[in-house]
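Working notes, beginning with the structure itself.
The values are calculated or read from the model by the stated rules, or taken from the named source; none is laboratory data. Everything numeric here is computed off the predicted structure, so don't read it as measured data. Every residue, glycine among them, receives a Cβ derived from its backbone with ideal geometry; neighbour counts consider all protein chains shown. SASA here: full protein model, heavy atoms, side chains in, ligands and nucleic acids out. Shrake-Rupley method; radii C 1.70, N 1.55, O 1.52, S 1.80 Å.
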Amino acid sequence: MFDVIIAGCGPTGAMLAAELRLHDVRVLVLEKETEPASYVRIVSLHMRSLELMAMRGLLDRLLPHGRRRPAGGIFAAIPKPAPKSLDSAYAYLLGLPQPVIVRLLEEHATELGAQVRHGRAVAAFEQDDEGVTVELADGERLRARYLVGCDGGRSTVRKLLGVGFPGEPSRTETLMGEMEAGVPQEEIAATVARISETVRPFWLRPFGAGIYSVVVPAAGAGDRAEAPTLDEFKQQLRAIAGTDFGVHSPRWLSRFGDATRLAERYRVGRVLLAGDAAHIHPPTGGQGLNLGVQDAFNLGWKLAAQIRGWAPGTLLDTYQTERHPVAEDVLDNTRAQRELLSAEPGPQAVRRLLTELVDFDEVNRHLIEKITAVGVRYDFGEGPDLLGRRLRDVEVTQGNLYGLLHRGRGLLLDRTERLTAGGWADRVDHLADRGAALDVPAVLLRPDGHVAWIGDDQRDLDDHLARWFGVPTG
């Protein structure tokens, strides 16, 4: 008997398993693939995801494997630098090979005690008032209190659950890969600059040691379950640019469409959805992996609280109410970006106008904070603007705030030095620190770093502790 079975050990599933293990939840992760992906696609961790990794002590493990680049030029690839003094101590993008981040997050989960079984696929399940019985493709049956589908855009769990996945099917398809080129970099850069004025997305970006990241529109819709061939890339490059740039020796090749879909519900009884199982969209802006990892951080402590028996009655429901609108916003901004990448006269006119507007610092900052999720604010009711937002990694006397959040517990950061977490001390840490870099008396942080309360009144604090952390003990 497990507490939670997770279908899928991608970044979302592995991160969720680790978050649950911080609270001693018995977790089994089922991954249908027996081997890591053969392709080495580079993905980017955005500012908010980097903050979350720092909150769990993972960032130092990831940094040696990644490549930093500036946070500017993300929205619709409009080439503008990021504004100065972005509201994060991690104001950059970290490019990582996807198999590397999957491996590191899986290692993190197993180090914390999660079980991971490869080559095991969910085939069916039944739920009742006490739990979920999961049947695997080989006929084995397992029992858990909850099941979470983190099994991608073609999610078996979502389909078996009967949750609608409305949205738009793919209208266009794009080829993406990494390969070497047989033409000098200066010649490539000049040709790409000319072609990309009218064809988007289109680029050959150097990625070190003679390797280029190549993105080119496809001739038509192919079978997305099959990787394209190098000949397809050459054919499309010649058709669009008049040359194939002598590309050869591909490291990986893939294709993607612009389908955009959002699950109608994230939870039905004891079965939940997260990551691509709950939402899919074009990779414009590089938000997909980040959105899934942030789902895991939101869900993990809430599901653990439910299992450990201290969750307030509606806590698990807030996973849907908080994360579904965030995904809606991501889908909308990817739709907008795709339009701005069109070569049609209307979208190009809007793109030129927006390019001018991005010169205004507030516009540039708004778009970057939207793409990187730094601007996300959950609706916790009326209060200061900081309420419902994540708190940046501020300085405290002991060093930095995120260093205090590695255990996945709540935190009362108290500059008054007269408040207390009282009967919630088994779930909430308390730091009385007059020197903390805050401009408010005290804040209560949820385990995901979002500000749940601001003030200096103990009775008001107790009400909010009960709202988020349940009935006090002792």
Note: region 403-474 at 4 °C, 1.567 mPa s; Kirkwood Rh on alpha carbon pairs; Stokes-Einstein D in µm²/s works out to 108 µm²/s
Non-local residues with an amide H under 5 Å from the amide H of residue 430, with H modelled 1.01 Å from N and Pro and chain starts lacking one, are 412
In the structure shown, of 84/370; 80/370; 80/234, the pairs separated by more than 21 angstrom at the C-alpha atoms are 80/234
Output for region 251-330: GluC sites (Glu not before Pro) sitting in coil per DSSP, at most 16 other Cβ within 10 Å, listed by number, reads 264
Checking region 285-379 for chymotrypsin sites (Phe, Trp or Tyr not before Pro) in a loop per DSSP with at most 12 other beta-carbon atoms within 10 Å yields 360
The lysines whose Cα lies under 26 Å from the Cα of residue 159, excluding any fewer than 8 residues away in the same chain, are 32, 302
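List the trypsin sites (Lys or Arg not before Pro) within region 342-421 that DSSP assigns to loop and that have no more than 11 neighbouring Cβ atoms inside 10 Å. Write down the numbers at each step before the final one.
On the way: sites: 351, 352, 365, 370, 377, 389, 390, 392, 407, 409, 415, 418; in loops: 392, 407, 409, 415, 418.
The qualifying sites are 418.
For region 383-446, give the share of DSSP beta bridges that are antiparallel, in percent and rounded to the nearest 5; count only bridges with both residues there. Working shown, then result.
Working: 6 of 11 bridges.
Once the DSSP bridges in region 383-446 are tallied, antiparallel ones form about 55 percent.
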Burial-style ranking of 190-203, 172-185, average other-beta-carbon count within 10 Å with highest first, yields 172-185, 190-203
With residue 62 itself left out, Lys, Arg at +1 and Asp, Glu at -1 over residues whose Cβ is under 12 Å from its Cβ give +3
Non-local residues with an amide H under 5 Å from the amide H of residue 343, with H modelled 1.01 Å from N and Pro and chain starts lacking one, are 200
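If packing is taken as the average count of other Cβ atoms within 10 Å, what order do 71-82, 5-16 fall into, highest mean first?
Details: 71-82: 18.2, 5-16: 29.2.
Packing order, densest peptide first, comes out as 5-16, 71-82.
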For the chain, the percent of accessible surface on carbon and sulfur atoms (probe 1.4 angstrom, ligands and nucleic acids excluded) is 49 percent
With +1 at each Lys and Arg Cβ and -1 at each Asp and Glu Cβ, the charge dipole magnitude of the chain around its Cα centre, to the nearest 20 debye, comes out at 500 debye
Note: probe point = Cα of residue 183 + 7 Å toward Cβ; backbone nitrogen < 18 Å; residues of region 248-273 passing the test are 248-250
Pseudo-spin-label distance residue 133 to residue 24, built 7 Å along Cα→Cβ, given in nm, is 3.0 nm
Bridge orientation stat for the chain from DSSP, antiparallel percent rounded to 5, came to 70 percent
Over region 1-143, with neighbouring protein chains present, the accessible area per residue in Å² at probe 1.4 Å is 42 Å²
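What order, most packed first, do the peptides 119-125, 207-213 have when packing is the mean number of other Cβ atoms within 10 Å of each residue?
Values: 119-125: 17.4, 207-213: 14.0.
For the peptides 119-125, 207-213, the packing ranking is 119-125, 207-213.
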